[in-house]
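The block underneath contains the structure these notes are about, expressed in structure tokens.
Quick note: the coordinates plus some simple rules give every number you see, no bench work behind them. Everything numeric in this text was worked out from a predicted model, so none of it was measured. As a convention, Cβ positions derive from the backbone with ideal geometry for all residues, glycine included, and neighbour counts pool all protein chains shown.
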Amino acid sequence: MKQSLRMVTVAIVALLAMSFAAIPASAGSRVIRDTITISGTETGLSDDCRPGVTGTIVGTGVVSYQSVENSEGFHIVGTETDTGQIDWNDGSYTVIWSVDHFSYDTGKGAEAYTNAHQDAGNTYTADGVFLFRTTFHTTERFTIAGGVLRVEFERGHLHVFGGC
């Protein structure tokens, strides 16, 4: 599901970029603000800490963004916040959340996309006893200037607290 929601964020940025490319530049700035809410379910998830355990996730993602376009280009900045729960086939469950802060800029022959991501999940027994917490953080940047693509990834930081 997280991958599906991330693809929605990228699709929103891409659609906005294409729509702005077709609009002639004007002296003033055009500002768009919007919030999009997406809910979904995915089955067949596996738990890296517990082989053989599978689950179903139910979650909601909210993408809020602002786009500003002017004669110099445009700038999109936004946040995607996801919340949900994974119910595992052994009765345990994981309460999850994630947040992505993203931006996309164009102008003067260059483009840049940045996404800072963090997520976490607390896993509990069927009786609500805490088992472990998993967190993950990463940052990615894509820049195109002078026809050259530069890609930077901050190595992801995965941490597990408790008995994985």
Query raised in the report: Quick one: if you stick a label point 7 Å off each Cα along the C-beta vector at His101 and Thr56, how many nm between them?
Result: 3.6 nm
Query raised in the report: When the convex hull of the Cα atoms of the stretch 36-152 is projected onto a plane and the area is averaged over all directions, what value comes out in nm²?
Result: 8.9 nm²
**Report entry** Val160-Asp90 pseudo-label distance in nm [points 7 Å out on the Cα-to-Cβ vector]
**Finding:** 1.2 nm
Query raised in the report: Sorted by average packing, counted as other Cβ atoms within 10 angstrom per residue and highest first, what order do 144-152, 57-65, 101-109 take?
Result: 57-65, 101-109, 144-152
Report task. Would you mind listing how long the stretch 30-90 runs along its three principal axes, going by Cα atoms, in whole Å with the largest first? Result -> 56, 19, 13
Report summary line: Rg (one decimal) and Dmax (whole number) from the Cα set of the stretch 68-136, in Å, equal 18.8, 59
